[in-house]
1. Compute the semi-axes of the equivalent ellipsoid of region 2-50, taking the square root of 5 times each eigenvalue of the Cα gyration tensor, and list them largest first in whole Å.
2. Could you state how much accessible area LEU9 has, in square angstrom rounded to the nearest 10, with a 1.4 Å probe and all protein chains kept in place?
3. In a shell of Cβ-Cβ distance under 11 Å around GLN80, excluding GLN80 itself, what net charge do Lys and Arg (+1) and Asp and Glu (-1) give?
4. For a label point 7 Å from the Cα of LYS29 along Cα→C-beta, name the residues of region 85-123 whose backbone N is under 13 Å from it.
5. Within region 1-58, which trypsin sites (Lys or Arg not before Pro) sit in a loop by DSSP and count at most 11 neighbouring Cβ atoms inside 10 Å?
6. So which GluC sites (Glu not before Pro) in region 1-93 are both in a DSSP loop and have at most 10 other Cβ atoms within 10 Å of their Cβ?
7. What is the set of long-range amide H partners of GLY116 at a cut-off below 5 Å, with H atoms built 1.01 Å from backbone N?
8. Per residue of region 55-63, what does 6.51 cos²θ - 1.76 cosθ + 1.60 with θ = phi - 60° give for ³J(HN,Hα)? Whole Hz please, x for Gly and Pro, Karplus curve as stated.
Amino acid sequence: QLQASGGGLVRAGGSLRLSCAASGLTFNKYVMGWFRQAPGKEREFVAGISRNGGSTSYAEPVKGRFTISRDNTKNTVYLQMNSLKPEDTATYYCAAEALRFAVTRIPEEYDYWGQGTQVTVSS
């Protein structure tokens with residue numbers, strides 16, 4: 001089970017940190033990803049991190065502004081979001097993928113999903 005939290009309403013230029021706590025799985029065996037979905041749009045990859053945290057991947061729109069990290073002792077993955085823009089407004093989902101060592105950007109390849117947390121950025 002994945003439980004995402006940390007969303008909210010923030011002004012453009014502000015920051016938020018999302019957390020995703022995992023339970024019932026061997027956390028360090030999973031690649032973790034963050035995705036987002038805005039109304040009327042498809043779910044899109046935001047960031048991913050390898051099992052040991054040694055490798056990360058980011059979507060181009062968030063590079064340099066967002067940072068993904070994980071703490072395997074706490075079974076938690078984080079997404080630090082800085083310099084937020086109105087176009088970052090979406091529901092953010094965390095996801096876990098068990099078969100690969102490298103980060104995948106394809107949502108269908110993830111095995112487990114959190115419930116989503118809403119991020120709204122006002123202009």
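The values are calculated or read from the model by the stated rules, or taken from the named source; none is laboratory data. Bear in mind the structure is a predicted one, so any value in this text is a computation, not a measurement. Positions of Cβ are backbone-derived with ideal geometry, glycine not excepted, and every protein chain shown enters the neighbour counts. These area figures cover heavy atoms from the full protein model, side chains too; ligands, DNA and RNA do not enter into them. Shrake-Rupley method; radii C 1.70, N 1.55, O 1.52, S 1.80 Å.
1. Each semi-axis is the square root of five times an eigenvalue, giving 23, 15, 11 Å.
2. 130 Å²
3. +2
4. 97-100
5. Sites meeting the loop and neighbour criteria: LYS41.
6. Counting only loop positions with at most 10 other Cβ atoms within 10 Å, the GluC sites (Glu not before Pro) in region 1-93 are GLU42.
7. ALA4, CYS94
8. Taking θ as phi minus 60°, the curve returns 9, 10, 9, 10, 6, 4, x, 10, 4 Hz for region 55-63.
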